[in-house]
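A quick write-up on the structure given underneath.
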Amino acid sequence: MKLASLPSQKPGGRDGRLVVVSADLAWYADAGHIVATMQALLDDWQHFEPSLRALATDLEHAVIPRHRFHEREARAPLPRAFQWADGSAYVNHVELVRKARGAELPKSFWHEPLMYQGGSDDLRPARSAITLADESWGCDLEAEVCVVTDDVPQGVNREEAIGHVRLIGLVNDVSLRGLIPAELEKGFGFVQSKPASAFSPVFVTPDELGESWSGGKLAGALMVDLNGSPFGRADAGQEMTFCFGTLIAHLAKTRRVGAGSIIGSGTVSNRDPDGSPGRPVAQGGLGYSCIAEQRMVETIEGGAPVTGFLKYGDVVRIEMRDAKGHSIFGAIEQAVVALD
């Protein structure tokens, strides 16, 4: 089942209206007669899910009124969420980025995931602009997979946590690399260096992904294009040190996790088969899901980075396709624009 949020037709409808989307992303059916919003669905998933699945079946068979689905019209599936917590499941990425800052990777990072809480009051649509006040801040893309949970009890283990995943999607977790070091030096985490994130037009249920979703991991190439050229093709199911079950259990170690919480995987990252940090797509490698990784590899190989961070006018596109080449979640496509 594929779900999205379109703009609400009612005054004050800041959370959008829930729709069911066809498997090919071509059509949608309003779900308001069942449940009004994505958050309301997640609050009582067991009650609403059977009726939504019946609606999805009717939509696929074209036996109910349907409308053309346009990704550009979709809001973030959860325009605002009770929680957005981003992990670092791909330790290769963490290691490379820390090297760029001259920091060693503690051994504990291989055994316990990193995680930070980002702002969840302004989650952006897939076609929203990346508004940047100053190019010198070092704006970077970060292509990730994310999941959304129902209510998760405190103290769940990894296997139990996977069972609380209700929806899966993609996210561009934008970073301002130039602001990160000063914030981390304060010892209190990210704030200004993590602006609003953008999410795929559609979130899907785990069963929709078939064998691609297994053991709390999503297999498949995460396709990242920069200004129309391939930039990253890393496989999200490979070298994921911590699965989503581990990330959710980490978050729930000391407290309950509320329905509608979004957990990110961190930047998807693969090494080359020979163990090297990775090569650009143009050189036959899998490329990168963020610019910082390419800059670090350039530093390792040539002593200094060559690739610059995002500039005004740059366009980032993030997407994942199934075995038949069909888009699964729709595409995140964002242009970098100056803040008015």
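The values are calculated or read from the model by the stated rules, or taken from the named source; none is laboratory data. Predicted model only: the values in this text are computed from it and were never measured. For neighbour counting, all protein chains shown are included, and Cβ atoms are generated from backbone atoms with ideal geometry for every residue, glycine included. We work out accessible area using only protein heavy atoms, side chains counted, and drop any ligands, DNA or RNA first. Shrake-Rupley method; radii C 1.70, N 1.55, O 1.52, S 1.80 Å.
Things worth noting here:
- Matching option when the condition is closer than 22 Å to ASP30 by Cβ, out of contact with any helix residue (DSSP H, G or I) (no Cβ under 9 Å at 6 or more places or on another chain) and among the aromatic types (Phe, Trp, Tyr), among TRP84, TRP45: TRP45
- Qualifying residue in region 172-193 (condition: at pLDDT 95 or above, within 17 Å of the chain's Cα centre (by Cα) and surrounded by fewer than 20 Cβ atoms within 10 Å (Cβ to Cβ)): no
- Listing of strands (runs of 3 or more DSSP E) fully contained in region 247-340 that carry 3 or more residues being within 19 Å of ARG127 (Cβ to Cβ) and under 22 Å from the mean Cα position of the chain (by Cα): 315-320, 332-338
- Test: ALA81 is closer than 30 Å to ASN270 by Cα, out of contact with any Phe, Trp or Tyr (no Cβ under 6 Å at 6 or more places or on another chain), buried (at least 21 other Cβ atoms within 10 Å of the Cβ) and of a type in the set (Gly, Ala, Ser): yes
- Of all the numbered requirements in (1) part of a loop (DSSP other than H, G, I, E, B); (2) in contact with a Ser or Thr (Cβ under 9 Å, 6 or more places away or on another chain), ALA103 misses one, and that requirement is (2).
- Residues (under 20 Å from PRO181 (Cβ atoms) and open to solvent by 40 Å² or more (accessible area, probe 1.4 Å)) located in region 96-118: ARG98, LYS99, ALA100, ARG101, GLY102, GLU104, PRO106, LEU114, MET115, GLN117
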